[in-house]
Every structure is written in structure tokens, then in C-alpha cells.
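Structure record follows, encoded as C-alpha cells.
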Amino acid sequence: MTLNALDRPLRLGTRKSPLAMAQAEEARARLIAAHGWTETQVELVSVTASGDRIQDRPLAEIGGKALWTKELDAALIAGEIDFAVHSAKDVETIRPAEIAIAAVLPREDVRDVLVGAASVQALPQGAVVGTSAPRRAALLLHARPDCKVVPIRGNVATRLAKLAAGEADATFLAAAGLNRLGETGTGHPLPADEWLPAPGQAAIAIECRANDAATRALLAAIDHAPSRDAVLAERALLAALGGNCHSPIAVLTAAEGDRLSLRAAIFSPDGAHRVEAEARFAAGDAEGPARLAAQLLAEAPEAVTVHFAGPPAD
């Protein structure tokens, strides 16, 4: 398989949700533009992920982030698709050895958007806020312990419909998802330096088989190095913390020349305890995030550390 001549269309695997399809369309558009292909040379193959099918319980209770990836992972390993597109924040920290992140697209707006009030401070006393994300719940309860968190899941349209039906007074959405769906103007963006994003938020990760050198070479043309450096640093932080779907973790990454600045916070799920630290290191230095994780865990009380496993054993 060469850059200029494909013997068959490349098969791009994606979930069926509207946002996932929009992200797949963006990946295809970037790939065909980079190589001068026609749209027919990249075929979209959609699957229904368990996370889309099961929406009545929080992810952490039913299998975690694997519910977004396992069907596409199986298709990729079986050779039914050539590569897959994911929201980077939904990709488990530890991946199958057969799969590699081949590209990260230019990162979108990392902010969360609050729907239902102009700001967190403007929420009415005792407001009911819908979110199934431990990070968002902990951030909210740390700032507004008077609020009540109720689980709410589903795609953007589903969550907005639940809000309109009165299931909650307010909810959070990702600015990047709204932008990719053309839903700009929905809600109120929260300052990222005050309301720290999730690791990998707003980034699109493209995976392929680790031993598929031809596809990896094709995908390298659309890899955005600054976004990749930031996402891999955030994933290294997650790995060193031993975080999972129950672990409230927030991080904001900024590029400073060829170095990265990571500002991270970990919480107890009830928001009562927050520990924050910052580190600067060279892009690509996996030890930098590990040192930051060690500092956070060393400074955190047991109410926080019980939700983190720490670095993996050698």
C-alpha cells in the first residue's frame, strides 16, 4: 500500500453516535487532503459501542472506558477495519499491545460548557446538576458543596433533552463536542484555568494495528505533534497515578516552546479534598508526568489516594 495508490479503500472504524461520526468525517477529510485522495478511498465502518447501548448507569459501574473501545478494538485486531477514531479522553490508559495510537489530530477547545446557568457560582442554592463524570462532580462539589449531583449520560441531544425534561437544573458538556456538532452558542464555557479539563479532552486519537507499518505511515501525515505531545503527557500522568473511571483527575497542559507545562489536580469524589501541583518538562519526557503524579499522591490525604492505584508495577 503506497501513498498514491491504494488497492482498496481504507476502512475507518467509528462509533455510530453523531459526535463520533463527526470526528470520523474530520479524520477522513484530513487524510484525503493530506494524500490527494478522493472520499471513496476511505470507507467509514460504524459500530454500536456498549457505552452507547447502555445509558442507564454510570460507565464506572459497567466496565469503564472499555465500553467505548472494545468493539472497535476487536474489529481492528481481527482486520475488519484498518484504523479507528476515538475521543482521546475515552481511550483506556493501558491499551492492547496489538494497537498503537498512530495520530492525534489538532486539539479543539478543551473547556467544559455549563448548560443551565451562566457560571458555577450562578447556580441556585441546592441546584441539581447532572453529570456521570467523577472529575466534573468533584470540581462542582469542591466549588459548590450545596449542590446535588445526579447521574446523566447519553449523547449531546439526549443530555439536553433530559435537562429540558427537568431531570436536572444544569449539566456539563464538552466545548469541543459542541463545536464539532455545530452546536456553538450552547451553554457557557468555563475558564480552563479554573475548571481544569479531563486528560485527553478535545483531542481525537486515531489507532491502528501496531504492526501495520503501511497504515501507520499514511496516518503520520495527519499527526499533529503538539497535540500528540500534550495527550501522551496526560496519558502518562494517568498511568502514573493509577487512575480509573472512579478517579477524579483534571489536568491543563500548555506548550512552552519545546517544553510542556502540566497543571493537575486530584480529588476525593465528594470534592471535599483537592490536591493540585504543576510541573514543567521536555515534550516526550514520560518521567515528567510520573514525577508530577508522585508529588500529587504524596501530598494527598487517604480520602483521595484510596481512589488511585499509583504507578504500575515494573
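Evaluate the following for A279: is it touching a Pro at 6+ places or on another chain (Cβ under 8 Å), assigned to a strand (DSSP E or B) and surrounded by fewer than 17 Cβ atoms within 10 Å (Cβ to Cβ)? Steps first, please.
Values: touching a Pro at 6+ places or on another chain (Cβ under 8 Å): yes; assigned to a strand (DSSP E or B): yes; surrounded by fewer than 17 Cβ atoms within 10 Å (Cβ to Cβ): no.
Here the answer is no, as A279 does not meet what is asked.
What do you reckon, is T2 polar (S, T, N, Q), farther than 26 Å from V149 by Cβ and at pLDDT below 95? Spell out the reasoning first.
Numbers: polar (S, T, N, Q): yes; farther than 26 Å from V149 by Cβ: yes; at pLDDT below 95: yes.
Here the answer is yes, as T2 does meet what is asked.
Each row is one residue, and each column tells you yes or no for (1) of a type in the set (A, V, I, L, M, F, W, C); (2) surrounded by 20 or more Cβ atoms within 10 Å (Cβ to Cβ).
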site: D82; (1), (2): no, yes
site: E98; (1), (2): no, no
site: A102; (1), (2): yes, yes
site: P106; (1), (2): no, no
site: S119; (1), (2): no, no
site: L140; (1), (2): yes, yes
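Go through (1) part of a loop (DSSP other than H, G, I, E, B); (2) in contact (Cβ under 8 Å) with a residue 60 or more places away in the chain one by one and return the number of the condition I206 breaks.
(1)
If I go through the range 145-174 residue by residue, how many of them are of a type in the set (S, T, N, Q), over 22 Å from A192 (Cα atoms) and at pLDDT 95 or above?
Of the residues in the range 145-174, 0 are of a type in the set (S, T, N, Q), over 22 Å from A192 (Cα atoms) and at pLDDT 95 or above.
Just the residues that are touching a helix residue (DSSP H, G or I) at 6+ places or on another chain (Cβ under 7 Å) and assigned to a strand (DSSP E or B), please, taken from the range 120-154.
V129, G130, V149
How about the range 98-141: which of its residues are more than 25 Å from A165 (Cβ to Cβ) and modelled with pLDDT under 95?
Of everything in the range 98-141, nothing turns out to be more than 25 Å from A165 (Cβ to Cβ) and modelled with pLDDT under 95.
Please go through the range 155-203 and give me each residue that is over 21 Å from V251 (Cβ atoms), part of a loop (DSSP other than H, G, I, E, B) and touching a Leu at 6+ places or on another chain (Cβ under 9 Å), ordered by number.
Residues satisfying the conditions are N155, D169, L181, E183, T184, G185, T186, G187.
Going through A236, A264, A303 one at a time, which residue ends up being surrounded by fewer than 20 Cβ atoms within 10 Å (Cβ to Cβ) and of a type in the set (A, V, I, L, M)? Working first, answer last.
Numbers: A236 fails: surrounded by fewer than 20 Cβ atoms within 10 Å (Cβ to Cβ); A264 fails: surrounded by fewer than 20 Cβ atoms within 10 Å (Cβ to Cβ).
The match here is A303.
Mind checking which residues of the range 68-96 are within 21 Å of S247 (Cβ to Cβ) and not aliphatic (A, V, I, L, M)? I'd like the intermediate steps shown before the answer.
First, pick out the residues of the range 68-96 that are within 21 Å of S247 (Cβ to Cβ): 68-70, 86-95.
W68, T69, K70, H86, S87, K89, D90, E92, T93, R95, listed by residue number.
The values are calculated or read from the model by the stated rules, or taken from the named source; none is laboratory data. Just so we're clear, the structure is a prediction, and the values are computed from it rather than from any experiment. Cβ: placed from backbone, ideal geometry, glycine included. Neighbour counts: every protein chain shown.
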